[in-house]
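What follows draws every value from the coordinates through simple rules; no lab data is involved. Predicted model, so just to flag it, every value in this text is computed and none were measured. Here Cβ is always computed from backbone atoms with ideal geometry, including for glycine, and neighbour counts include all displayed protein chains.
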Amino acid sequence: MNFYSRKLIKPQDMNAHGTLFGGTVLSWIDEEAAIFVSCQLGKGNLVTKFMSEIDFVSSATLGDIIEIGMETVKFGKSSITVRCVVRNKFSKEVIIKIDRIVFVHVDEEGRPSPHNIEEPANK
Ligand SMILES: CCCCCCCCCCCCCCCC(=O)SCCNC(=O)CCNC(=O)[C@H](O)C(C)(C)COP(=O)(O)OP(=O)(O)OC[C@H]1O[C@@H](n2cnc3c(N)ncnc32)[C@H](O)[C@@H]1OP(=O)(O)O
């Protein structure tokens, strides 16, 4: 798994308990996964289709630096499935993990369309 993105946890990222807001980290993951998948396929016409169980393993707090890791699980016909782990950059403690995030390559009408990719187009 490669960890491409780092984030500094800032005041606007916190929830009422003083820890990282779950919706914020999910938004970061969706964006990071979309970039990762478009790099894997060399195509940008993608939609997020499915996310498996989201496991909030531990929390992060103000001033923490976290990193977001992505790994390809499977190239399908029109789909690609990736796995995600978010962890503390320094302690490596896992904050959140999602085993399957599925993106679908779509045509101009938004219908599933074969991507014809079986291995990463680029890293
Ligand atoms: C380098 C290049 C430059 C790039 C430069 C730009 C880069 C910049 C990138 C920006 C990237 C944008 C990323 C936006 C990310 C959003 O924000 S998208 C918004 C949220 N998502 C949506 O609105 C999607 C709404 N859903 C839909 O439109 C339809 O459900 C879909 C996605 C078209 C699929 O339709 P469908 O009838 O379910 O399709 P179906 O044929 O049954 O299945 C298609 C595939 O999905 C799989 N699938 C379907 N359901 C499931 C399920 N529940 N679980 C798992 N897999 C499933 C199927 O197995 C099938 O896979 P394959 O066998 O073809 O591999």
Could you tell me whether residue 86 is within 12 Å of the ligand (Cβ to nearest atom) and in contact with an Asp or Glu (Cβ under 9 Å, 6 or more places away or on another chain)? no
In segment 29-69, the residues that are small (Gly, Ala, Ser) and either surrounded by 13 or more Cβ atoms within 10 Å (Cβ to Cβ) or within 16 Å of the ligand (Cβ to nearest atom) (or both): 33, 34, 38, 42, 44, 52, 58, 59, 60, 69
I need a count of the residues in segment 9-18 that are surrounded by 16 or more Cβ atoms within 10 Å (Cβ to Cβ) and more than 14 Å from residue 87 (Cα to Cα). 2
Given the conditions (1) in contact with a Pro (Cβ under 6 Å, 6 or more places away or on another chain); (2) surrounded by fewer than 17 Cβ atoms within 10 Å (Cβ to Cβ), and given that residue 109 satisfies all but one, which numbered condition is not satisfied? (1)
Of the residues in segment 89-123, how many are more than 11 Å from the ligand (Cβ to nearest atom) and in a strand (DSSP E or B)? 6
2 or more residues in contact (Cβ under 8 Å) with a residue 60 or more places away in the chain: qualifying strands (runs of 3 or more DSSP E) within segment 1-64: 2-8, 46-51
Please work out which one of (1) in a strand (DSSP E or B); (2) without any contact (Cβ under 8 Å) to a residue 60 or more places away in the chain; (3) touching a Ser or Thr at 6+ places or on another chain (Cβ under 6 Å); (4) farther than 29 Å from residue 19 by Cα is the condition residue 82 fails and give its number. (4)
